[in-house]
Amino acid sequence: MTQVDLTSFFDNTGLTGRDDLSGGAFNIWRNTFPAEELPGEPPTVLGGVPFRFPDRGPSGADNVRCAGQLVPVPPGRYDWVYLVAAAERRTEDFVLLHYADGAIDPEWLRVSDFWPETDPRFGERHGLRCRALHYPRHVQERMGPAIWRERVPVPRETPLTAIRLPDNPAVHVFAMTLLPVTEEVGAP
């Protein structure tokens, strides 16, 4: 599996500590996920898939607020793109898969709402469920905001070279892992 380093694309802060509640802005109300409840050192394994969960460094940015960014990936044949993502409300939008031969395929990225105690709308797995939600001036205990583990199929059998994220600021991507093709199918 290939863990994609998204650090250079991080443009939003969605994780804060109790000592810096006002340092983030995951949504319009500036809610954030509690950093102390989330994984630290990579890799983080969610549903059998390893991810490079974001470092919470001094810059503060720890996720990509989707705005149509083109993310290059190591060229290769992949079956799935796995994402650790959260949405400000449930969202359905396209990612564009770019291939070595110039083809571009739209594929659905569906992300359930991060809001506390919300069930998965699209049948995905919980990636991470927190016990509290941060507001700029207080911590709301007994809230369960979710970050989800999503997957997007890669249907072509040609090398994938890049992924264009949706132009949808409600979608936030924290990590990405590519699952390679595991078995060649012989020609008929």
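The values are calculated or read from the model by the stated rules, or taken from the named source; none is laboratory data. None of these values were measured; they are calculated from a predicted model. Cβ placement follows ideal geometry from the backbone for every residue including glycine, while neighbour counts extend to all protein chains displayed.
If I filter region 138-162 down to residues being over 13 Å from the mean Cα position of the chain (by Cα) and assigned to a strand (DSSP E or B), which single residue comes out as modelled with the lowest pLDDT? If you could, list the steps in order and put the result at the bottom.
Just the residues of region 138-162 that are over 13 Å from the mean Cα position of the chain (by Cα), to begin with: 138-145, 153-162.
Still in the running and assigned to a strand (DSSP E or B): 139-141, 153, 160-162.
Working: V139: 87, Q140: 84, E141: 87, P153: 96, L160: 98, T161: 98, A162: 98.
Restricting to residues being over 13 Å from the mean Cα position of the chain (by Cα) and assigned to a strand (DSSP E or B), the top hit is Q140.
Here's the yes/no breakdown for (1) over 19 Å from T161 (Cα atoms); (2) aromatic (F, W, Y); (3) crowded, with 21+ Cβ neighbours inside 10 Å:
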position: G17; (1), (2), (3): yes, no, no
position: P50; (1), (2), (3): yes, no, no
position: A87; (1), (2), (3): yes, no, yes
position: D101; (1), (2), (3): no, no, no
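Looking at region 53-70, which of the residues that are of a type outside the set (A, V, I, L, M, F, W, C) and crowded, with 20+ Cβ neighbours inside 10 Å is modelled with the lowest pLDDT? Steps first, please.
Our first condition is that a residue be of a type outside the set (A, V, I, L, M, F, W, C); within region 53-70, this holds for 54-60, 62-63, 65, 68-69.
Narrowing further to those that are crowded, with 20+ Cβ neighbours inside 10 Å: 54, 62-63, 65.
Values: P54: 71, D62: 91, N63: 92, R65: 94.
Taking the candidates together, the pick is P54.
Note on region 125-137: among residues that are among the charged types (D, E, K, R) and in a loop (DSSP other than H, G, I, E, B), the one that is surrounded by the fewest Cβ atoms within 10 Å (Cβ to Cβ) is R137. Here D20 fulfils each of the conditions (1) touching a residue at least 24 places away in the same chain (Cβ under 8 Å); (2) closer than 19 Å to P136 by Cβ apart from (1). Is it fair to say V84 is closer than 22 Å to T182 by Cβ, part of a strand (DSSP E or B) and modelled with pLDDT of 90 or more? Answer is yes for this residue.
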